[in-house]
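The values are calculated or read from the model by the stated rules, or taken from the named source; none is laboratory data. Just so it is clear, the structure is predicted and the values come from calculations on it, not from any experiment. Cβ coordinates were reconstructed from backbone atoms using ideal geometry, including for glycine residues, and neighbour counts include every protein chain displayed. These accessible areas exclude ligands, DNA and RNA; they are computed on the full protein's heavy atoms, side chains included. Shrake-Rupley method; radii C 1.70, N 1.55, O 1.52, S 1.80 Å.
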Amino acid sequence: MNRSWWKESVVYQIYPRSFQDSNGDGIGDLPGITSRVGHLKTLGVDVVWLSPVYRSPNDDNGYDISDYRDIMAEFGTLADFDTMLEALHRHGIKLMMDLVVNHSSDEHAWFRQARASRDNPYHDYYIWRAPADGGGPPNNWEAAFGGSAWEWNEATGEYYLHLFSKKQPDLNWENPRLRSEVYDLMHFWLGKGVDGFRMDVINMISKPYGPDGRLPDAPVVKPGFLQPAFGAVTNGPRLLEHLREMKREVLRHYDCITVGEAPCATTRQGMELTNEQGGALNMLFQFEHMELDSVPGHPWGKWGCKPFELRDLKASMTRWQDELVGRGWNSLYLSNHDQPRPVSRFGDDGAQRVVSAKMLATFLHGLQGTPYVYQGEELGMTNFPFRGPEDLRDIESINFWREAVDGRGEDRAAVLDAIRRKGRDNARTPMQWDATPNAGFTSGTPWIAVNPNHAEINVAAEYDDPDSVFQHYRRLIALRRSQPALVYGRYRPILAEHPQIYAWLRTLYDDRLLVVCNFTASPAEFRLPDELDVVRWPLLIANYAVDPAQDLRCFALRPYEARIHRLQ
Ligand code: GLC
Ligand code: CA
């Protein structure tokens, strides 16, 4: 396997609106990030992925871009950006920007032109269709944030496509002029010295046009409703072709890191898109493990919750580890700005918060791939106790509440429970820096409430506590740097059928590491398989004190216990 710096890196995601406010307006900003570079340095991460900071009317918090070459006024200026980039680079940290080019904002100059008339030169930058034969939207697609994926445009007498909100019209990648605009803006940022891109819903850019240019209906999974479009629009026929062109025109001219967000991606697509010969990207964010706690085909979509099963997690992770080895590269993540907090979702955010957050971290960093840490995850930050719709800020949760409660009269408590479990605002509450009233995030009124548990869970407290979640992340990141087997070692699961334990080996030449995680709140008996002959097992990291005299070949793991040993 080829060595590459992006395989050996740990990436830290910053959601700028919620990271650090510098001027008291309650909104995080670029000077705020610059002032916190020391935190990233202390943690030891190599790369920052910055969620969008471009000019935007903020219908979807920056994922609706109205100018790809300027900074959102609330976040600062291009000069502030350059200062931030320089500060990161001075500390040896690279910067990955968010590239949101499946859609733009409806306030982008392109769309203002495009919607004015059919013969406007920008009209073909977007996707337009006539009404269906009997009138109404051209097909049955439901937008990700609810309602039809088609919006009527009076001036041209057509519908335009928006897979997300109606303020996020989809760009037309069939148009070579649009594609070269995208490549130009990528050169603009790479030319400024940024080190790569995280590509938003990149596997949706090629739409599944029929021979007559029609966009076919999505399969019916919720009879009587609009149908989720994702299955129909991901991995379209020209996806690889477009990404190869992007590689040829842009990416191959820089030593950069790329990760494509790819909902619904299969391992096959993972191999196709990330292999170093014919592929185009370094890695994907796949979603299988993010769907293990949703009921498939539920009319509420992702909001139809069920408990996750360790068995399913093992099967899914193992498939991605096995199938991509030598043929592509994995990304590893448990959280980002779209997901609830992992300790609340897969661990225990009550009495066992600290050990279970450390277990989840050990699990993630013990696999093969590039780990991503989302702001606050390194503290073991938890979900937020939303009281009702007045606490919500995210368009997805707000629209779900409106449709379900106000529209269909569904049970308020059930809807609120789903939003508490799955809502994206859980990840977007301000970073908890200290125990002061606004957690050190702002001197003003924060745009979204600070979690009341910040008095206990915060950076300042965790810096001082050698047993904190933060210190465990720091040690894990340092461990990865010192152990090539953690980066490049081959993955082999053991005890595949164990209902509580997830354990595997990482082997590189004659080096063997063992990762063991108890995913439950009860003790679990671990037995090393007989065929593994070992005489010594030095401990590399653990989330409990470990008795050095204990026999690793058979012992009881404590609740949420996790360790990495070297086998000798
Ligand atoms: C991605 C982003 C998400 C956004 C959506 C539309 O999934 O991560 O935050 O809402 O794309 O851009
Ligand atoms: Ca601010």
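What to note about this one:
- Unit charges on C-beta of K, R, D, E only; dipole of the chain, Debye: 1280 debye
- Surface exposure of the chain, expressed per residue as accessible area with a 1.4 Å probe, stands at 37 Å².
- For the chain, the alpha carbon convex hull comes to 150 Å³ per residue, rounded to a whole number.
- The stretch 486-544-the stretch 442-469 distance, computed between alpha-carbon centres (Å): 33 Å
- Considering only the chain, percent of DSSP beta bridges that pair antiparallel, nearest 5: 60 percent
- Mean residue ellipticity (222 nm) of the chain, computed from DSSP H runs ≥ 4 via -39,500 (n - 2.57), nearest 500: -7500 deg cm²/dmol
- Flagged links, alpha-carbon separation over 32 Å, of Lys167/Lys192; Lys166/Lys222; Lys207/Lys302; Lys94/Lys306: Lys94/Lys306
- Rounded Å value of the spacing that divides the Cα centres of the stretch 180-198 and the stretch 131-179: 27 Å
- By accessible area, using a 1.4 Å probe on protein heavy atoms only, the stretch 1-140 has 45% of its surface on carbon and sulfur.
- The stretch 40-142: trypsin sites (Lys or Arg not before Pro) in DSSP loop, at most 15 other beta carbons within 10 Å: Arg118
- Euclidean distance between Cα centres, the stretch 212-243 to the stretch 267-309, Å: 16 Å
- Sparsely packed GluC sites (Glu not before Pro) within the stretch 139-206, loop by DSSP, other Cβ within 10 Å at most 11: Glu154
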